[in-house]
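Novice: Here you go, one structure.
The values are calculated or read from the model by the stated rules, or taken from the named source; none is laboratory data. All values reported here derive from a predicted model rather than from experimental measurement. Backbone-built Cβ (ideal geometry, glycine too); neighbour counts: all protein chains shown.
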Amino acid sequence: MKWKSHTAIARAIAAEMNLPDELERAFCAGSIEPDKRPDLAYRVSKGGRAYVGRAPHHMPSTGTIMAYAWRARKAYLAGNDYWAIKSLGRGLHYVQDKCVHTGFRGWKHDARESDIADIAPPRRAVREGIEMAKCSPRFVRDCITAVRPRKDPRKAMYDATMFSSAIFASVIGPVDAEERFSAEYERAIKGHRCRYAAAGAMLAVSGAAAYAIEEPLLLLPGALAAVAAVRINPAFYRAMDEAEWFGLEPKARRGSSGP
Ligand SMILES: [Zn+2]
């Protein structure tokens, strides 16, 4: 996608979420940054040799995008909104590029991106994305894997806007687990408002307690031993991810979220 399209999507989301100007600028800057300062990734050449090269944009790995989502989420929990939104913009760049079908060997790439550049991000797509958002790492991952390359420029723009908005609202969502279920959050997200007031707030003890009712294992002092005991239980891993999304989990992750 062209920079014009990436920044148009960022602006459309920023407007709907009432982001302050400074954060809108951070969002736009992050959204085009992977083209200026590429991420590196292990790749395999035609001859079968592994090398370190530019991370692919049109077929990005889910891990690359998730790493940015986690970075953004952690910065957001720590109250660093600027860094959160810039990192998120960077991750969403890949989601948006992934929506574009580049044709056989990329022959249609340039023409299609020019067509997309003439289309404005539809407001309906922004709202649809925000409304479907759930504040959860699993939701973000599901969004990323659901993205398909589109040949029709309008569909590519629609999907890019909708998935970007959904992931944005998921990452910049409530900051503690209790809030996730609160009616107030429901109202906030329905009214397309961002929870800025909550950014930087310390995790409420009640939030931890609310989560623990759902996942009592997290209360055990020997959480690490518990992880080993239930290693084969994907539901437990998911719960650990969810807990970390709200800053509740110590250091028992298996390193899948690292950059
Ligand atoms: Zn790109």
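Novice: State all residues of the range 1-42 that are in a loop (DSSP other than H, G, I, E, B) and more than 13 Å from the ligand (Cβ to nearest atom); if no residue qualifies, say none.
Specialist: M17, N18, L19, P20
Novice: Suppose the filter is surrounded by fewer than 20 Cβ atoms within 10 Å (Cβ to Cβ), hydroxyl-bearing (S, T, Y) and either in contact with a Gly (Cβ under 7 Å, 6 or more places away or on another chain) or on the phi < 0 side of the Ramachandran plot (or both); does Y76 pass it?
Specialist: no
Novice: Under the condition of being of a type in the set (S, T, Y) and within 16 Å of the ligand (Cβ to nearest atom), which residue from the range 43-65 is farthest from the chain's Cα centre (by Cα)?
Specialist: S61
Novice: Residues D115, D110: which one is assigned to a helix (DSSP H, G or I) and within 14 Å of the ligand (Cβ to nearest atom)?
Specialist: D110
Novice: Follow-up question, since we're still on this one. Name the residues in the range 129-140 that are surrounded by fewer than 19 Cβ atoms within 10 Å (Cβ to Cβ) and either modelled with pLDDT of 95 or more or part of a loop (DSSP other than H, G, I, E, B) (or both), would you?
Specialist: K134, S136
Novice: If you go through the range 89-99 one residue at a time, do you hit one that is assigned to a helix (DSSP H, G or I) and more than 16 Å from the ligand (Cβ to nearest atom)?
Specialist: The answer is no; no qualifying residue exists.
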